[in-house]
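Please see the structure below; I have some questions.
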Amino acid sequence: MKILVLGSGGREHALSKKIAESSLVTKVYVCPGNVGTLMEDKCQNIDLEDLDDIINFAKSEEIDLVVVGPEKYLMLGAVDRFRENGIKIFGPSKKAALLEGSKAYAKEFMKRYGVKTASYEVFDDFEEAKGYLDKVKYPVVIKADGLAQGKGVVICSSKDEAEDTLFSFMIQDLFKGSGKRVVIEEYLKGVEASIICITDGKSIKPFVSAKDHKRLMDNDKGPNTGGMGVVAPNMYVTEDVFEKFKEDIMQKTLLGIREENLDYKGFIYFGIMITEDGPYLLEYNVRFGDPEAQAILPLLKSDLVEVILKTLDGRLDECELEWIDGASCNVVLSSRGYPLSPVLGDEIYGLESIEDVDIFISGVKLEGGRFYTNGGRVLSLTAVADNLELAREKVYKEIKKIKFDGMHYRRDI
């Protein structure tokens, strides 16, 4: 089989690597890919931007399957477009992708089907939203309705902070339209978890749980980022929490997908908060998380391509997902200035000396045989071991071999 993966980040590197491991696969094209996918076995990068050009490439190369990485392609309706052209593609339709593309739509969907989530109100008028701040309990959560690259959620500890957030979202238009409508939501206290599932629209299966670390600094200090590291499984997702998640969140979401006839054959990411009253759903993402993919996929023993093909055929219920009996730890290395103003172009040393862990590239440029930083999140390392303590020990040992100016990483993943 020839497979095309869409995307250019660490998630797409992890997906391409796992897909290339399948005995069914002879070639993996990655569009546009990155330095990491360039060096993976069976993989070749394709430098195309326009969706029409990508579709024409898939036709001319007789691609057997397309796997979508980032949300931007899903929101553009890539799944619908490829299917219209007779090309098999894995991911939700444009309509189904609204579960991530609009937080207001997602919250209303949760409410309709009894998915356990925080109470909320939706506003598209600044003065009305501002007035509502007199009625809420602090801290309160304000979310930009649309996509904001993981930066559109702010926990406000006071009314002044909440007003400033609303002003930056709705008046200053910080997110270029995505924050013109906002969700003001009850703050939930607890521990976050990521549970990524796969669904064919009829059945749904969870992957191993994970714990992302969004804040830039140790002890969850500093600004939110796209993610500074992940451990899997999440030690807070006990058997009891997992059963409640399946009953109160996962199965009710599947009911909604069925009832609304959403064309959904793909990954679905549940961002949950584990509270004293059990798990609550914070948000949906309609694709694999980044860097969750880099921590979860190395633990998967099953052939991912076989699972995807059965999902597309509506036979996911026939799959039994098998996992390595152990744990993984993924740590992200970021450039100086990240996340606000990342500095690019610093030379990276030591990659050739890394042993016994996976390197996943996010933002790296290769010039004249040398590696340079080319993004806020530069790369990440993932170690797999019998338990989390050993995985952490292994990954932090290898990180010490890598150096570049301003290199930053958390020591407490």
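Quick one: of Lys135/Lys244; Lys111/Lys221; Lys189/Lys246; Lys88/Lys211; Lys2/Lys403; Lys111/Lys202, which pairs are farther than 25 Å apart, Cα to Cα?
Lys135/Lys244; Lys111/Lys221; Lys88/Lys211; Lys2/Lys403
Once the other residues with Cβ under 14 Å from the Cβ of Arg336 are scored (Lys, Arg +1; Asp, Glu -1), what is the net sum?
-1
For Gln149 and Glu367 in one chain, what is 0.36 nm times their gap in residues minus the Cα-Cα distance, to one decimal in nm?
Roughly 75.7 nm would be gained on extension.
Roughly speaking, what is the stretch gain from Glu260 to Lys400, that is 0.36 nm per residue apart minus the C-alpha to C-alpha distance, in nm to one decimal?
Answer, rounded to one decimal: 45.4 nm.
5 Å is the cut-off here: which amide hydrogens, built 1.01 Å from N in the peptide plane, fall below it relative to Gly229, excluding neighbours closer than 5 in sequence?
Placed amide hydrogens put His213, Val332 under 5 Å from Gly229.
What is the extension gain from Glu355 to Ile171, computed as 0.36 nm multiplied by their sequence separation minus the C-alpha to C-alpha distance, in nm to one decimal?
61.3 nm
Treating only the Cβ of Lys, Arg, Asp and Glu as charged (+1, +1, -1, -1), what charge dipole size does the chain show about its Cα centre? Round to the nearest 20 debye. Please list the in-between numbers first.
Working: 55 positive and 70 negative charges, 51 e Å.
The calculation lands at about 240 debye.
Still on this structure: Considering only C-alpha atoms, what is the centroid distance from region 229-285 to region 34-103, in Å?
25
Is it possible to state the helix-based mean residue ellipticity at 222 nm for the chain, with each DSSP H run of 4+ residues giving -39500 (n - 2.57), the sum divided by total residues, to the nearest 500 deg cm²/dmol? What is it?
-7000 deg cm²/dmol
Among the aspartates and glutamates, select those whose C-alpha is under 18 Å from the C-alpha of Lys42, and discard any that sit fewer than 8 residues away in the same chain.
Excluding near neighbours in sequence, the set is Glu12, Glu21, Glu61, Glu62, Asp64, Asp303, Glu306, Asp358.
Place +1 on the Cβ of every Lys and Arg and -1 on the Cβ of every Asp and Glu in region 276-390, take the dipole about the Cα centre, and give the residue among Pro342, Ile324, Leu282 whose Cα lies farthest towards its positive end.
It is Pro342, whose Cα lies furthest towards the positive end.
Something else now. Residue by residue through region 98-104, which ³J(HN,Hα) values in whole Hz follow from phi under the Karplus form 6.51 cos²θ - 1.76 cosθ + 1.60 (θ = phi - 60°), with glycine and proline marked x?
Working through the residues one at a time gives 4, 4, 9, x, 9, 5, 5 Hz.
Go ahead and run the numbers for FRET between Asp240 and Lys301, Cβ-Cβ distance against an R0 of 35 Å, rounding to 0.05.
About 0.85, to the nearest 0.05.
OK, next. Obtain the nm distance between the two label points defined at Lys2 and Asp277 by a simple spin-label model: each point lies 7 Å from its Cα along the Cα-to-C-beta direction.
5.5
Bin by bin, in steps of 5 Å, what percent of the Cα pairs in region 128-224 do you find, going until the bin that has the longest distance?
Here the calculated profile for region 128-224 is 2, 12, 18, 20, 17, 15, 9, 6, 2, 0.
I'd like to know which of Ser93, Gly77, Pro32 lies farthest towards the positive end of the charge dipole of region 29-164, counting +1 on Cβ of Lys and Arg and -1 on Cβ of Asp and Glu.
Ser93
For region 204-244, what % of the accessible area comes from carbon and sulfur atoms, probe 1.4 Å?
50
The values are calculated or read from the model by the stated rules, or taken from the named source; none is laboratory data. Keep in mind that this is a model prediction, so the values were computed, not measured. Note that we place each Cβ from the backbone using ideal geometry, even for glycine, and neighbour counts take in every protein chain shown. Calculation scope for accessible area: heavy atoms of the full protein, side chains included, ligands and nucleic acids excluded. Shrake-Rupley method; radii C 1.70, N 1.55, O 1.52, S 1.80 Å.
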